[in-house]
Amino acid sequence: MSDRAGILARLRAVAVEATPLPELAGDWTTSTDPAAWFGDVLASVGGDCRAVADHRALAAGVEQLCRKLAATRVVSEVDGVAGALGAGEGGGSVAPSEVQLAIVRGEWAVAENAAVWVSDAMVTERATLFLSEHVALVVDRERLLSNMHEAYERIDVAACRFGAFISGPSKTADIEQALVIGAHGPRSLTVFLVG
Amino acid sequence: MSHPELANRFVEDGERAQWHDRSLWYVRAKRDRAAHAIPEWERLRELAAAIKANVRANLADYLERFEAEARKHGAVVHWAEDAAAHNQIVWEILRSRSVTRVVKSKSMLTEECGLNPFLEQRGLEVVDTDLGERIVQLRDEPPSHIVLPAIHLRKEEVGELFERELGTEPGLSDPARLTEAAREHLREKFLAAQAGITGVNFAVAETGGIVVCTNEGNADLGTALPPLHIACMGIEKIVPRAADLAVFTRLLARSATGQPITAYTSHMHGPRAGGELHIVIVDNGRTGMMARESYRQSLGCIRCGACLNTCPVYRRSGGYSYEAVIPGPIGSTLGPGRDPARHASLPYACTLCGSCADVCPVKIDLDRQLFHWRSDLVTSGLSSPRKRRASRLASLIMRHPRLYRAVAKLARVVAARAPGATSAVLSGWTVSRDLPEIPQRSFREQLEDLGDE
Ligand code: SF4
């Protein structure tokens, strides 16, 4: 018998009491001001939330961020942001490991845990999200949700080969429980909420 | 060696033992704050337990569905009966592609299977990339905790290790600078790797996708850079629907470290463009666990570590005192399930306080299982003779009220006249603490006095 057949046969040989798959609909916590909630949680996980009114304000905000980080090797995957800065278009000219700041569009943001959904469809090179020194995610305010149930209701996770909820910069507390931001991945994460 | 013998060694360094206890309690307190901040916490735990119960009842069907869907996305699915088969499969994949440099992110399953030494013996370089795991790997030690692998080490010890292994300056003990040194060292490994091996936190039956959760982003670097990704999962990692992930991602990190979610929760459906994804589904004793009704629930474990952090015995005896891949309350029920003779002392590494079951996000009845193991071990003659004698004596006394009263009276008299005597009888228990004062009159006597008034 193959390992596969053996495993399945052993599982089927055991009579386990049948229980229904529970309904997930519920009265889950929401907020009337998810943007404030999102900003607070993001700050608590080491990130930074900037609310900007429109795309022009976004471009100005990104420019400011570049100055603050002294970032010159900037890759933008957000329309209307790269050109203004003269940065590498679509990640083409800078190798992912050389990028100082990557600007990527997030499709959804979740207030309860400051997670932003980013998928393959939003980046040319997946590695950019993890190799860049700093990452900025751009999300439309109307795509801000309260909790993870709302998020999984809207996202078709199987539509892309890769999709991730990103909540704050990369971090570790493996040495004596001391929180250190910037473990392997980005050392900072800024989320621009547009609108 | 038994748990008490190994724990004895750990507590010899009293200062370290107390520090270990405090570090874990700090994590437990963070978990409490995160859990209490969510009004629907208990509802989530109930849902998680119900989903896992449903998974157990339909696991064969879900696994087949998962396999079919994963294949549609272009993943190659392998099945392994045991650790040896798992290691062989991984080795074959690597060997046939001439891979010699592998980066790994945290996976308790590959730890359980002994994959690292297996591959190293065959000449491969296997680098654990989770910082805590890398630290214990460089020390040639196993992880002492399932989420915080190096929780037993002081920063000075990490500094000495890095000085020796990575050439950092002597005397360095600042966690930020040590982490920076590890970042540089591991960056090179990531860029040079030809394959990435990861564990799997959740495998979604309806979509054929896998979900991997990390804070460091190491699993993502390890799978975004090399063209080959091998994901190893136990059969129990299945969740039926993508929507179920909402329940588990809300529970996992809050239970583990008190974070609202891990920094990266990555969903992979098939290989990345031009790459390969192999998923190895492993039994290694899990179907046997499924067959034992009293212990079946432990298959629902999502490896959050909350039961370790809260356990008064784990906190004070350290992960290595369990001599098992998974320590703490969950390890104490999984261990004897795997090898009852070898792990016979583990169900006794428990005060039956029940705190583990209270914090467990999937509501596994850990304390009840540990209690149940004790009777199983006695029945099968595997518990220590001393424990059996003591239990028989206790049972005799408990079953005869007069005898019980006489013995209790004797104990009170002895305790009053010769305080050292009771401590001698209780030996280990009073090494670092005193017995509470024993009242001179029993409850029954005091009640009778009240009745007279
Ligand atoms: S048994 Fe429960 S508390 Fe312990 S690690 Fe598993 S899921 Fe977490």
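Points worth noting:
- Check on B:Val378, within 16 Å of the ligand (Cβ to nearest atom) and in the same structural domain as B:Leu6 (by TED's automatic domain parsing): no
- Residue selection: B:Leu228 fails the criterion of being more than 18 Å from B:Asn54 (Cβ to Cβ), over 23 Å from the mean Cα position of the chain (by Cα) and within 11 Å of chain A (Cβ to nearest Cβ).
- The set of residues from segment B:98-115 being outside any helix (DSSP H, G or I) and β-branched (Val, Ile, Thr) comprises B:Val99, B:Thr100, B:Val102, B:Val103.
Each row is one residue, and each column tells you yes or no for (1) more than 10 Å from chain A (Cβ to nearest Cβ); (2) within 16 Å of the ligand (Cβ to nearest atom); (3) of a type in the set (D, E, K, R); (4) surrounded by fewer than 21 Cβ atoms within 10 Å (Cβ to Cβ).
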| residue | (1), (2), (3), (4) |
| --- | --- |
| B:Ile135 | no, no, no, no |
| B:Pro143 | yes, yes, no, no |
| B:Ala150 | no, no, no, no |
| B:Glu163 | yes, no, yes, yes |
| B:Leu166 | yes, no, no, yes |
| B:Glu169 | yes, no, yes, yes |
| B:Leu172 | yes, no, no, yes |
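- Selected residue (only one of B:Arg296, B:Arg303, B:Arg315, B:Arg292 is under 14 Å from the mean Cα position of the chain (by Cα), closer than 30 Å to A:Val14 by Cβ and among the basic types (Lys, Arg)): B:Arg303
- The lone exception for B:His36 - which of (1) over 30 Å from A:Asn147 (Cα atoms); (2) surrounded by fewer than 19 Cβ atoms within 10 Å (Cβ to Cβ); (3) more than 12 Å from chain A (Cβ to nearest Cβ) it fails: (1)
- Within segment B:304-324, the presence of at least one residue that is at pLDDT 95 or above, within 30 Å of A:Ala159 (Cα to Cα) and not charged (D, E, K, R) is confirmed.
- Residue within segment B:307-319 that is more than 10 Å from the ligand (Cβ to nearest atom) and within 24 Å of B:Gly288 (Cα to Cα) present: no
- Within segment A:153-195, if we keep just the residues that are hydroxyl-bearing (Ser, Thr, Tyr) and crowded, with 24+ Cβ neighbours inside 10 Å, the residue that is farthest from B:Leu148 (Cα to Cα) turns out to be A:Ser167.
- Some residue of segment B:217-237 being on the phi > 0 side of the Ramachandran plot and touching a residue at least 40 places away in the same chain (Cβ under 8 Å): yes
- Checked against the criterion of being more than 7 Å from every other protein chain (Cβ to nearest Cβ), in contact with a helix residue (DSSP H, G or I) (Cβ under 8 Å, 6 or more places away or on another chain) and more than 16 Å from the ligand (Cβ to nearest atom), the candidates B:Glu206, B:Glu236 yield just one match: B:Glu206.
- Some residue of segment B:5-25 being among the hydroxyl-bearing types (Ser, Thr, Tyr), touching an Asp or Glu at 6+ places or on another chain (Cβ under 8 Å) and not in a loop (DSSP other than H, G, I, E, B): yes
- Test: B:Ala53 is surrounded by 15 or more Cβ atoms within 10 Å (Cβ to Cβ), at the interface with chain A (Cβ under 8 Å from one of its Cβ atoms), under 25 Å from B:Ser107 (Cα atoms) and free of Cβ contacts under 8 Å to residues at least 40 places away in the same chain: no
- Complete set of residues in segment B:96-123 that are among the acidic types (Asp, Glu) and touching a residue at least 40 places away in the same chain (Cβ under 8 Å): B:Glu111, B:Glu112
- When B:Gln369 is tested against (1) modelled with pLDDT of 85 or more; (2) farther than 30 Å from B:Ala246 by Cβ; (3) surrounded by 15 or more Cβ atoms within 10 Å (Cβ to Cβ), just one condition goes unmet, and that condition is (2).
- Enumeration of residues in segment A:3-23 that are of a type in the set (Asp, Glu) and facing another protein chain (nearest Cβ under 7 Å): A:Asp3, A:Glu17
- The residue of segment B:239-259 that is surrounded by the fewest Cβ atoms within 10 Å (Cβ to Cβ), among those that are away from the ligand (no atom under 16 Å from the Cβ) and of a type outside the set (Gly, Ala, Ser), is B:Arg241.
- B:Arg241 of a type in the set (D, E, K, R) and assigned to a helix (DSSP H, G or I): no
- Listed by position, the helices (runs of 4 or more DSSP H) contained in segment B:126-232 that have at least 2 residues being not assigned by TED's automatic domain parsing to the domain that holds B:Ala253 are B:155-166, B:175-192.
- Flag for B:Val212 being buried (at least 24 other Cβ atoms within 10 Å of the Cβ), of a type outside the set (Lys, Arg) and either within 16 Å of the ligand (Cβ to nearest atom) or without any contact (Cβ under 8 Å) to a residue 24 or more places away in the chain (or both): no
- Filter pass, B:Thr262 being more than 10 Å from the ligand (Cβ to nearest atom) and either touching a His at 6+ places or on another chain (Cβ under 6 Å) or in a loop (DSSP other than H, G, I, E, B) (or both): yes
- Residue that is farthest from A:His149 (Cα to Cα), among those in segment B:22-33 that are more than 10 Å from chain A (Cβ to nearest Cβ) and surrounded by 17 or more Cβ atoms within 10 Å (Cβ to Cβ): B:Arg28
- Top-ranked residue in segment B:63-88 [being assigned to a helix (DSSP H, G or I) and facing chain A (nearest Cβ under 9 Å); ranked as surrounded by the most Cβ atoms within 10 Å (Cβ to Cβ)]: B:Leu63
The values are calculated or read from the model by the stated rules, or taken from the named source; none is laboratory data. Source: prediction; values computed, not measured. Cβ sites come from the backbone with ideal geometry, for glycine too, and all protein chains shown count toward neighbours.
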